[in-house]
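Only the coordinates and a few stated rules stand behind these numbers; no lab work does. On a predicted model such as this, the values are computed, not experimentally measured, just so you know. Using ideal geometry, Cβ is built from the backbone for each residue, glycine included, and neighbour counts are taken over all protein chains shown.
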Amino acid sequence: MKQHSTERLHDSANASNVADSTTPVSGPLIAATLSPVLGFYTLMITHHISRVSKALDKTVHAYGHWIPGSLGSGPDGSIGSYSGKESLALMVWLLSWGIFHVLWRKQELPVNRWIPIFLGAMAFVTLCFFHPFIDPILMLLLSSGG
């Protein structure tokens, strides 16, 4: 009888070791949540850059000329430089996700510290899409730069 209980303890100890070795790490999670934040920031920055001048708008638009409707004048009109903004944001999102995933795939990163940073970054980028908030800041940056 004692032999059976010892085997069960040994088996449960092995099971807990296996569970510990297969416990997921948080690096890929943080990579998967940081990369869309960077994509959103790219979308916001390219949106405001394209508002500054027609030349910058054309530069941003050039990145999305391959998207159907970006150049044409179909029944819904042209989506214009929005295609470039979306293309750049998508590129930043996917490239950063791949890079961060490779770098952090086996690392345990502090999720408890990341969550408030993530939520704050999402709130800030959302706020920066509202023109009454960002326009005074943008005008201050443009006036100090030139």
Diagonalise the Cα gyration tensor of region 25-145 and give the resulting equivalent ellipsoid semi-axes, square root of 5 times each eigenvalue, largest first, whole Å.
-> 30, 20, 11
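Going highest first, how would you order 132-138, 25-31, 62-68 by mean Cβ packing within 10 Å?
25-31, 62-68, 132-138
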Checking region 50-116 for trypsin sites (Lys or Arg not before Pro) in a loop per DSSP with at most 14 other beta-carbon atoms within 10 Å yields Arg105, Lys106
